[in-house]
Amino acid sequence: MAGPLYRYLAGDHRRLDTLLRTAVAQPDAMDTGPYAEFRKGLLRHIAIEEKIVIPAVSGGAPGKHSDLAARLRLDHGALASLLVPPPSRSIIATIRTILSAHNPLEEGDGGLYELFEEVSGSDPEMLRKLESAPDVPVLPHNERPGVLEATRRAVERAGYELK
Ligand SMILES: [Fe+2]
Ligand SMILES: [Fe+2]
């Protein structure tokens with residue numbers, strides 16, 4: 001059975017999915033409130049994984065689970081770069097495609113969260129550490145045209161295409 005660390009992180013995926021679905025529920029207009037919450041929440045979620053979860057699973061040994069960590073980090077880079085320009089249909093569709101491939105690598109059997117639960121599940125402080133992780137500073141959307149090109153490159157580096 002999944003432990004509390006797994007449940008916290010997988011629960012955050014559900015929460016973010018709901019926010020994104022709410023933001024795009026109307027076909028003609030993006031609901032900016034839920035999208036802003038999604039953006040802030042996804043950046044915090046990624047920071048938790050990059051700063052706490054992946055280092056714990058690698059255990060200070062650079063080679064340990066390095067393929068999984070590298071894969072997840074490329075996806076995180078692509079997702080973070082998709083949050084820089086203002087949201088469009090193509091941005092949202094690409095975020096959804098990446099998340100639907102990415103989250104199973106974390107939640108699935110032998111995935112990041114199971115490994116994390118194995119190494120850190122007995123640490124009584126760890127859940128509190130996840131829960132109290134701060135929001136990361138979120139900049140306003142950047143509308144310069146070059147930004148979309150940088151986003152496209154980050155998406156392609158991770159093996160996806162900007163839709
Ligand atoms: Fe992730
Ligand atoms: Fe995640």
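Each value in this text was obtained by applying a stated rule to the coordinates, not by laboratory testing. Keep in mind it's a predicted model, so treat the numbers as computed, not measured. Reconstructed Cβ throughout: ideal geometry from the backbone, glycine too, with neighbour counts over all protein chains shown.
What's the exposure ranking of 123, 17, 67, 75, going from fewest to most Cβ atoms within 10 Å?
67, 123, 17, 75
Is any residue of region 42-86 close enough, with backbone N under 18 Å, to a label point placed 7 angstrom from the Cα of residue 127 along the Cα-Cβ axis, and if so, which?
Of the residues in region 42-86, 53 have backbone N under 18 Å from the label point off residue 127.
Give the angle, between 0 and 90 degrees and rounded to the nearest 10, that separates the Cα long axis of helix 145-157 from the longest principal axis of the Cα atoms of the chain.
40 degrees
Output the direction-averaged projected area (hull surface divided by four) of the convex hull of the alpha-carbon atoms of the chain, in nm².
If you wrap the Cα atoms of the chain in a convex hull and average its projections, you get 9.8 nm².
So, in Å, what gap is there between the alpha-carbon centers of region 116-132 and region 11-30?
28 Å
Nearest 10 degrees, 0 to 90: what angle lies between the long axis of helix 66-82 and the longest principal axis of the chain (Cα atoms)?
30 degrees
Which aspartates and glutamates, if any, have their Cα less than 14 Å from the Cα of residue 51, not counting same-chain residues under 8 positions apart?
131, 135
Please compute, over every Cα-Cα pair in region 45-104, the percentage with a separation greater than 15 angstrom.
When all Cα pairs of region 45-104 are counted, 53 percent exceed 15 Å.
Mind checking the full-extension length gain between residue 156 and residue 142? Use 0.36 nm per residue of separation minus the Cα-Cα distance, one decimal, nm.
3.1 nm
Between residue 109 and residue 89, how high is the FRET efficiency from 1/(1 + (r/R0)^6) when r is the Cβ-Cβ distance and R₀ = 30 Å? Nearest 0.05.
On the way: r = 34 Å, r/R0 = 1.13.
For residue 109 and residue 89, the calculated efficiency is 0.35.
Based on DSSP H runs of at least 4 residues, each adding -39500 (n - 2.57), what is the mean residue ellipticity at 222 nm of the chain after dividing by all its residues, to the nearest 500 deg cm²/dmol?
Numbers: 8 runs with 106 residues, N = 163.
Per the formula, -20500 deg cm²/dmol.
Looking only at Cα atoms, what is the convex hull volume of region 78-151 per residue, in Å³?
Normalising the Cα hull of region 78-151 by residue number yields 106 Å³.
Work out how much length residue 50 to residue 101 would gain on full extension: take 0.36 nm times their residue separation and subtract the Cα-Cα distance, in nm to one decimal.
Contour length minus the Cα-Cα distance gives 16.6 nm.
If R0 is 25 Å, what FRET efficiency do you get for residue 73 and residue 28 from their C-beta distance, rounded to 0.05? All intermediate terms of the calculation are to be shown ahead of the outcome.
Values: r = 36 Å, r/R0 = 1.42.
That pair, residue 73 with residue 28, gives E of 0.10.
Using +1 at the Cβ of each Lys and Arg and -1 at the Cβ of each Asp and Glu in region 4-157, identify which of 93, 104, 119 lies farthest towards the dipole's positive end.
Of the options given, the answer is 93.
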